[in-house]
Amino acid sequence: MKKLGVFGTSGFAREIADIADELGYEPFLIAKDETEAAIGSSMWPIVLESDLEQAEGTVYALGIGENNIRAKVVNRYSGKLSFVNLIHPSASFGKHQLEQIQAQEGVIICAGVRFTNNIDVGSYSIFNLNATIGHDVIIEDFVNIAPGAHISGNVLIERECWVGTGAVINQGSNEKKLMIGAGTTIGSGAVVIKDCEEQAVYVGAPARRIK
Ligand SMILES: CC(C)(COP(=O)(O)OP(=O)(O)OC[C@H]1O[C@@H](n2cnc3c(N)ncnc32)[C@H](O)[C@@H]1OP(=O)(O)O)[C@@H](O)C(=O)NCCC(=O)NCCS
């Protein structure tokens, strides 16, 4: 059985280990230091990041929700570790969509996620439980789509955005996608009806900028 190291020891890392289990890997968790190892779960073995060279031949996944921390881990191991896509078997995909995603790196797709077609998914993004992604959407690298969020058609989500649980992003058009600027957070339950600026926080229905 192929070993798979999951960066992180949090509840989310455990959820990622579950997907790895389901896909037939033998998962272990990777703690950044002794303190993180001490608070980690005993469900899977925990290896310290400083001991990783002992685990050659394994593949890796990112069990870290924070987009900027995922980006730091990827930069630290650029060209050294292989981050696999983990796609839960219950996710569904429109025509050619699975092939597009499989050409990326480090994409996590949890149970029940639905993609239609002509969606451009970048690398190292997370699609959490039961999220739906409509047609002609672009999702750049290091995005986190939380459980039950709904992204309508013709939307552009720039890198390192976080779309909160149950948020709804209205559709853009063929001429102009509705855009969420880089690094922006959309609060849980928000309804986004127009473009969102970058590095901002939006909440509510309709969504308004609070930070
Ligand atoms: C939007 C969010 C990031 C704001 O967090 P924050 O920066 O710590 O902001 P605060 O908690 O200080 O709240 C600021 C204001 O926004 C309001 N607010 C926060 N989140 C809100 C939400 N989701 N919907 C509506 N209003 C919200 C607060 O009530 C507060 O209003 P006030 O100033 O009138 O009291 C956070 O509340 C959120 O929704 N995160 C997403 C959670 C999620 O989806 N997790 C997924 C886990 S997988």
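A few remarks follow.
- Counting only protein heavy atoms and a probe of 1.4 Å, the accessible surface of the range 111-211 is 51% carbon and sulfur.
- Scaled against 2.2 N^0.38 Å for its residue count N, the alpha carbon radius of gyration of the chain is 1.01.
- Overall form of the range 3-76 per C-alpha gyration tensor (a/c, 1.5; a/b vs b/c): rounded
- Here the range 3-76 carries DSSP beta bridges of which approximately 10% are antiparallel, counting only pairs with both residues inside.
- For the range 3-76, the share of accessible area belonging to carbon and sulfur comes to 48 percent (1.4 Å probe, ligands and nucleic acids excluded).
- Computed over the chain: relative contact order in percent, which uses C-alpha pairs under 8 Å that are six or more apart: 11 percent
- Computed from Cα atoms, the angle from the helix 11-22 axis to the main principal axis of the chain rounds to 80 degrees.
- Fully extending the segment from residue 72 to residue 21, taken as 0.36 nm per residue of separation minus the present Cα-Cα distance, adds 15.8 nm.
- Surface exposure of the range 3-76, expressed per residue as accessible area with a 1.4 Å probe, stands at 49 Å².
- In summary, the lysines within cross-link reach of residue 72, defined as a Cα separation below 27 angstrom excluding same-chain residues under 8 places away, comprise 2, 3, 32, 80, 211.
- Acute angle (nearest 10 degrees) that the helix 67-76 long axis makes with the longest principal axis of the chain, alpha-carbon atoms: 50 degrees
- Between the listed residues 42, 205, 75, the Cα displaced farthest toward the positive end of the dipole of the chain, a dipole computed from Cβ unit charges relative to the Cα centre, is found at 205.
- Dipole moment magnitude, nearest 20 debye, the range 52-211 about Cα centre, only Lys, Arg, Asp, Glu C-beta charged: 380 debye
The values are calculated or read from the model by the stated rules, or taken from the named source; none is laboratory data. If you're wondering where the values come from, they're calculated on a predicted model, not measured in any experiment. Please note: Cβ atoms are built from the backbone with ideal geometry, for glycine as well, and neighbour counts cover all protein chains shown. Quick note on the areas: whole protein, heavy atoms, side chains included, nothing else; ligands and nucleic acids left out. Shrake-Rupley method; radii C 1.70, N 1.55, O 1.52, S 1.80 Å.
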